[in-house]
1. Suppose every K and R has +1 on its Cβ and every D and E has -1 on its Cβ; what is the size of the dipole of region 133-184 about the Cα centre, in Debye to the nearest 20?
2. Which entries of LYS31/LYS161; LYS132/LYS153; LYS45/LYS85; LYS132/LYS178 have Cα-Cα distances beyond 20 Å here?
3. Of CYS210, LEU115, SER104, which is farthest towards the positive pole of region 3-217's charge dipole, taken about the Cα centre with +1 and -1 on the beta-carbons of Lys, Arg and Asp, Glu respectively?
4. Quickly work out the ASP93-to-GLN61 label distance, labels modelled 7 Å from Cα along the C-beta direction, and quote it in nm with one decimal.
5. Applying the Karplus parametrisation 6.51 cos²θ - 1.76 cosθ + 1.60 with θ = phi - 60° to the phi angles of region 19-24, what ³J(HN,Hα) value in whole Hz is obtained for each residue in order, glycine and proline being reported as x?
6. In terms of modelled amide H atoms, which long-range or inter-chain residues lie less than 5 Å from the amide H of LEU102?
7. Suppose we keep just the alpha-carbon trace of region 57-165; what are its Rg and Dmax in angstrom?
8. Which one, VAL17, GLY51, TYR187, is farthest towards the positive end of the dipole of region 3-217 when Lys and Arg carry +1 and Asp and Glu -1 on their Cβ?
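What follows is calculated from the coordinates using simple rules that are stated; it is not laboratory data. Just so it is clear, the structure is predicted and the values come from calculations on it, not from any experiment. Cβ coordinates were reconstructed from backbone atoms using ideal geometry, including for glycine residues, and neighbour counts include every protein chain displayed.
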Amino acid sequence: MNKEEYKLYIDDVIRRVEFARVRFDEKHIVKIVAISKYSTADEIKALYEIGQRAFGENKVQDLKAKSSTLEELPLEWHFVGNLQKNKINNLLDINPALFHALDSLELAHELQKKLEARDMMLEALLQINSAKEESKHGVMPEAAVDIYKQIQKECPNIHLKGVMSIGAHTGDETIIRKSFETTYNIYKQLEGATICSMGMSGDFELAIECGSNMVRLGSIMFNKL
C-alpha cells in the first residue's frame, strides 16, 4: 500500500484505540508502542513518517541493530522481551526508554548491581503473570505488590513506572478480561505508578477497556495481520 493508504489504515487503528479509551474513561490517555520485531528499518521509518514515535523490540541484538540504523530519527525505544542475565550489559549499553519485562526480584537485583556500577538509572515495568500460565514470565499476582515495593526499596537504580502483563492465552474473552482486571487492580494499589501496559494486536481494545494506558501493537501496526 502507498503512504496515503497506510496512513488511513493506521488512522483506523488509532480510532479503535480511541473508542476503547472512551469506553473506559473520557479522560483516559493511551500510548501505542509499535512492536517492530518482525519489521525492517524501512518499515519502521514508514510508520515514523506518519507520526509513530515509540517502538519496541524483544531481542537485545535486534534493538541494538535497529536503533543504530535509525539513530538519526528521534525514536523512543522500548525493550519488551525476556531479559537473560548475560544480556544485561548489552541492554544497558543501549539504554532503552523503558524495559517492560522485569519479571523477578532476582533479575531486579542483577540489574541493580550493573546499574550501580555504571551510575545509571533504568525505567522499568514489573511483569505480572496475571493468568498464572506456565508458559509466561512474571511474578504471581498475589505477590506483585510486595515485590514491587521490595524492588523500590532494594534497587534504587531501577525506577519502576508501573506494571505489564500479557492477556490470558485463550479464546474465552471472560478469562482474558479477568487477567487484565487482575493486573489493573494491582496497578491501582501502587503508589506513584503511572503505566499499566496491557494489550497486543489481538486484544488491545479489551485491555484498554480494563484500564490499560499503554498497548504493545505489532502485526496490526505494520499491516501484517
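1. Details: 6 positive and 8 negative charges, 56 e Å.
Dipole magnitude for region 133-184 comes out near 280 debye.
2. Numbers: LYS31/LYS161 14 Å; LYS132/LYS153 26 Å; LYS45/LYS85 31 Å; LYS132/LYS178 12 Å.
Among LYS31/LYS161; LYS132/LYS153; LYS45/LYS85; LYS132/LYS178, the Cα-Cα distance tops 20 Å for LYS132/LYS153; LYS45/LYS85.
3. Going by the charge dipole, the pick is LEU115.
4. Simple spin-label model gives 1.2 nm for this pair.
5. Couplings: 4, 5, 4, 5, 5, 7 Hz.
6. LEU125, GLN127
7. Final numbers for Rg and Dmax: 13.8, 44 Å.
8. Farthest along the dipole direction, towards plus: TYR187.
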